[in-house]
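Structure, as structure tokens:
The values are calculated or read from the model by the stated rules, or taken from the named source; none is laboratory data. Because the structure is predicted, anything quoted here is derived from the model rather than measured. Cβ atoms come from the backbone with ideal geometry, glycine included; neighbour counts cover every protein chain shown. In case anyone asks, the SASA skips ligands and DNA or RNA and just uses the protein heavy atoms, side chains included. Shrake-Rupley method; radii C 1.70, N 1.55, O 1.52, S 1.80 Å.
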Amino acid sequence: MPQTNKSRNAPVPETSGSVQVQDPGAEEYVGDSEIIKSPSDPKQYRYIVLDNGLRCLLISDNRGLASSGDEDLEEEEEEEEEEEDEESDDETGEESEEDDEDPGSEDDERGIKKKGSTEKQSAAALCVGVGSFSDPTDLPGLAHFLEHMVFMGSEKYPSENGFDAFLKKHGGSDNASTDCERTIFQFDIQRKNFKEALDRWAQFFICPLMIRDAIDREVEAVDSEYQLAKPSDSHRKEMLFGSLAKPGHPMGKFCWGNAQTLKQEPKKNKINVYERLRAFWKKYYSAHYMTLAVQSKGWGNPFLFIVDSKGAHDGLPKPDFSDMLNPYDTPAFYKLYRVVPVRKDHSLNITWALPPQEKYYRVKPLHYISWLIGHEGTGSILSVLRKKCWALALFGGNSETGFDQNSTYSIFSISITLTDEGFQNFYQVTHLVFQYLKLLQTLGPQKRIYEEIQRIEANEFHYQEQIDPIEYVEDVCENMQLFPKEDFLTGDQLMFQFSPEVIGAILSLLTPDKANLMLFSPEHEGHCPLREKWFGTQYNVEDIQQEWMKQWTDGIELSQDLHLPEENKFISTDFSLKPPESPESEFPVKIAHSDRGCNWYKKDNKFKIPKAYIRFHMISPVIQQSAKNLVLFDLMVNILAHNLAEPAYEAEVAQLDYKLVASEHGLVIRVKGFNHKLPLLFYLIIDHLAGFSATPGVFSMFTEQLKKTYFNILIKPEKLGKDVRLLILEHSRWSMVEKYQALTAGLTVDDLMEFSQRFRAELYAEGLVQGNISKLPAKVPVLFRVVELPPKHHICKVKSLNKGDANSEVTVYYQVHGRARCSNNNLCMFQQVCFSSIQSQISLPCQSSRADVLFQMHMEEPCFDFLRTKETLG
């Protein structure tokens, strides 16, 4: 798959001082026509520059409250999808290291998603054009530390935890993150409380307290985030990659910060961290470095509540690192690095450090190239590798993080998840990648393909769905640092113009002699004597074998199996709205029923967009008959997804999404997207399920991969804790350990094929078809019982299976009125340190009463305040 390629550092045209604007409360103002927005976007936008240099985008969202029925239906669908996704992750272990947080991200602490409220939210986000690149060399992690400290009360609102308490009381949340060249803060809250919340939040940037007494405690919070990040392979890879930069380049800085860099070493070197922190804030948290996006109802005064005379600036330009180009043009970069990962997986990363590409955001050359490199259809790199049973997945391109794209360079990376056989043949895998790149260089940029991508992106933008305000303002305020006003909403999404010269220039740089190779494998254990300084990653470095380099540089013969993708037949062209075929109904109606299943139908009469949603649950009693059957079911779903990957890929890139979920009692099939070609995708999946097959090579490949998946689940304390808890509570539950034992005991292709036949023979299918779609010729009650715990305290202790992970998991579980309540706390015990790191989260089942939700809201903030703020445990 191509990675999301969003330009994140494009230069912003200079704006002349403040501008004269009409009264923000004027009702006749309908928005700024210069800001290009989606035709389906009902919001209005207004851009102003304040006298202190702060650039603001006011977003007026006058949509009323949704009807309770529609709101409940949407929430129920979201909750079902989240539950199924979590269940799928637990059962098949489909996790991505790409989901790890950036330094300073506090999603688990402050950004907990809210459910069950029909109250419309208002939100605000502020992007400061300064990040960890600006850390002083003697205080690594200072920018991240400051991001924490500004939230510790203000002169006007001195309570350390007052803002979080106010948000939790009124259904809000907040979050912050520090990147290389930017720091972002955001919050949301119910509309009626937005004015006061905005004032409280603004004070953090106008007059934060940052009291001395909080310094040591908050250092421990930063250190806790660092400790929690250490087992993450993606973070470890980034730190190792950063260490390869030229000396003095900011990529080599330790952006996280920890107790050593912010407490112990400063004390030893007589550095006053408090004074340096305030000096950093005074220098960099200046209004003219900031962009603000605010979304609420109307153009009322709350939008400008952040304006204050103390926000004046000194006119100094913000830090500029654009003269520090080519940070990886060193002999150390063009090597092969063998790395020991935490997870028991093999992977190969091929990376190029390119000149900064932000100025080409209208062309998006990296997005075009990643689209082809990450293609999974016939003739693609992954298609050939899958046929050889050498690879399971491939991602190519450039992510939107500051690590991948900043003012000094842009990364283009190809990451391939290898099988055991693929690991043994990693040079041949690399050779195939270079063959495909040679093909692209030989044929040159293709206008047909560019316009196809352009059309897909334009369709999605035209009919985009509205997202949560807090997510939206976060994206927009960062875009305001990167793009001119007219492209605030389009700059990171649309492909504006085809430029073969720009694309060809980048393709010419993707050569074997300029590539860095990183090979990750647990088999490197014991053969990697080197250690990365901060995360302790074990690695070794060696020259790329000359015989292979000679093949790659002397002229590569193109493989006949590789070719460009054909025209995509799944791209929608009919966006008309279907007339209703039956009387309008508030809820789905049953349109078909038999002893083998039933089907429900609901026509979209609210959103009126040309999209649809199809969900089928294929329930079979054979799945839960034994641990062996559960393993065979996991294998069947994984191999079914593998069989579909190539024929369904064109549909996926045409914005037709599908997901196969191995739930506890059956297979869930979900497809959604533009309705025009959606039935084609659904029937394609059904046909592959009906004709399921597995070759011995594919079976062997996925059996080995599933062993690693189960192992990776068991070494995570939170996963192991959940598995043991459910084993205690649920009748006839098979544990992950039992599944792992059944898998390692030995299974055959015949076992799988026999199971798949039994699965299809004993099916009950229930489906829901909803949206702009005609009827096609969702939830069968499966009796589920939970053990009623005796009314006394019970303690179950389980030893972690990962000796190298310092994190632990504590689950406090309450049974109330037959329903489960739990509070998850991650404890991270540091070596020779007498404190712990705690992440607290109060979670409730989907079908929670209003009293339950109030109970959760009442507990959540005090728990966070006591465990994290006062006790400095997180």
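Hey, can you grab everything whose amide H is under 5 Å from the amide H of LEU325? Only 5+ residues off in sequence or another chain; H modelled, so Pro and N-termini drop out.
Amide H neighbours of LEU325: none.
Once a ≥ b ≥ c are taken as the square roots of the eigenvalues of the Cα gyration tensor of the stretch 581-703, is the result rounded (a/c under 1.5), prolate (a/b larger than b/c) or oblate (a/b not larger than b/c)?
Cα axes put the stretch 581-703 in the oblate bin.
Set the Förster radius R0 to 25 Å, insert the Cβ-Cβ distance between ASP51 and ASP216 as r into 1/(1 + (r/R0)^6), and round the FRET efficiency to 0.05.
Numbers: r = 38 Å, r/R0 = 1.54.
It comes out at approximately 0.05.
Considering only protein heavy atoms, what is the solvent-accessible area of GLU557 at a probe of 1.4 Å, reported in Å² to the nearest 10?
So the heavy atoms of GLU557 present about 150 Å² to solvent.
May I ask you to give the solvent-accessible area per residue for the stretch 190-303, in square angstrom, as obtained with a 1.4 angstrom probe?
Values: 4400 Å² over 114 residues.
Per residue, the stretch 190-303 has 39 Å² of solvent-accessible surface.
Calculate the spin-label point distance for ASP657 paired with GLN424, positioning each point 7 Å from the Cα along the beta-carbon direction, and give it in nanometres.
Those two pseudo-labels are separated by 3.9 nm.
Measuring from label point to label point, each 7 Å out along Cα→Cβ, what is the LYS359 to THR695 span in nm?
Modelled inter-label distance: 4.8 nm.
At a 1.4 Å probe, what is the % contribution of carbon and sulfur to the accessible area of the stretch 498-595? Could you put the intermediate results ahead of the total?
Details: 3000 of 5930 Å².
Here carbon and sulfur together make up 51 percent of the probe-accessible area.
Accessible area per residue of the stretch 482-573 at 1.4 Å probe, in Å²? Kindly include the intermediate steps, with their values, before the conclusion.
Working: 4560 Å² over 92 residues.
For the stretch 482-573, the per-residue accessible area is 50 Å².
Under 18 Å from the 7 Å Cα→Cβ point of LYS283, by amide nitrogen: which residues of the stretch 123-163?
128-150
Per-residue HN-Hα couplings for the stretch 206-223, Karplus 6.51 cos²θ - 1.76 cosθ + 1.60 at θ = phi - 60°, whole Hz, x for Gly and Pro?
Residue by residue, the stretch 206-223 yields 9, 8, x, 6, 6, 5, 4, 4, 8, 4, 4, 5, 6, 4, 5, 5, 4, 4 Hz.
Over the stretch 630-771, with every protein chain in place, what whole percent of the accessible area is carbon and sulfur at 1.4 Å, could you tell me?
On the way: 2680 of 4830 Å².
Reported share for carbon and sulfur atoms: 55 percent.
So how much slack lies between THR511 and LYS707, counting 0.36 nm per residue of separation and subtracting their Cα-Cα distance, in nm? Working shown, then result.
Working: separation 196, 0.36 × 196 = 70.56 nm, distance 3.59 nm.
The THR511-LYS707 span can extend by a further 67.0 nm.
In the structure shown, do any of LYS707/LYS797; LYS156/LYS297; LYS388/LYS438; LYS578/LYS611; LYS659/LYS719 have a Cα-Cα gap over 19 Å, and if so which? Each step should come with its number before you reach the end.
Values: LYS707/LYS797 25 Å; LYS156/LYS297 26 Å; LYS388/LYS438 21 Å; LYS578/LYS611 10 Å; LYS659/LYS719 22 Å.
Pairs exceeding 19 Å: LYS707/LYS797; LYS156/LYS297; LYS388/LYS438; LYS659/LYS719.
Going by the alpha-carbon gyration tensor, a ≥ b ≥ c the square roots of its eigenvalues, is the stretch 318-420 rounded (a/c under 1.5) or, if a/c is not under 1.5, prolate (a/b greater than b/c) versus oblate? Write down the numbers at each step before the final one.
On the way: a/c = 2.62, a/b = 1.51, b/c = 1.73.
Taking the square roots of the gyration eigenvalues as a ≥ b ≥ c, the stretch 318-420 is oblate.
Can you give me the Cα centroid spacing of the stretch 723-765 and the stretch 502-522 in angstrom?
42 Å
Put +1 on the Cβ of every Lys and Arg and -1 on every Asp and Glu Cβ in the stretch 428-556; which of PRO522, ILE556, MET495 then has its Cα farthest towards the positive end of the dipole?
Selected residue: ILE556.
Can you give the charge dipole size of the stretch 603-719 about its Cα centre, rounded to the nearest 20 debye, using +1 on the beta carbon of Lys and Arg and -1 on the beta carbon of Asp and Glu?
Working: 14 positive and 10 negative charges, 97 e Å.
With only Lys, Arg, Asp and Glu charged at Cβ, the dipole is about 460 debye.
Quick one: grab the alpha carbon gyration tensor of the stretch 340-392, order the square roots of its eigenvalues as a ≥ b ≥ c, and give me rounded if a/c is under 1.5, else prolate or oblate depending on whether a/b is larger than b/c. Before the final figure, lay out the partial values.
On the way: a/c = 3.59, a/b = 1.46, b/c = 2.45.
Oblate.
Between GLU762 and GLN466, what is the spin-label point distance in nm, taking each point 7 Å from the Cα along the Cα→C-beta axis?
4.7 nm
Quick one: which residues, 5 or more positions from LEU494 or on another chain, have an amide H under 5 Å from its amide H? H modelled 1.01 Å from N in the peptide plane, none for Pro or chain starts.
none
When the accessible area of the stretch 356-487 is split by element with a 1.4 Å probe, what percent falls to carbon and sulfur? It would help to have the intermediate numbers written out before the result.
Details: 1880 of 3920 Å².
Carbon-and-sulfur percentage of accessible area, whole number: 48.
Less than 20 Å apart at the alpha-carbon level, and either on another chain or at least 8 residues along: which lysines does that give for LYS335?
In chain and number order, the partners are LYS237, LYS246, LYS514, LYS533, LYS550.
For HIS170, tell me the accessible area in Å² from a 1.4 Å probe, rounded to the nearest 10.
Ignoring ligands and nucleic acids, HIS170 comes out at about 40 Å².
Hey, how many Å between the Cα centroid of the stretch 204-234 and the Cα centroid of the stretch 593-650?
So the separation of the two Cα centres works out to 44 Å.
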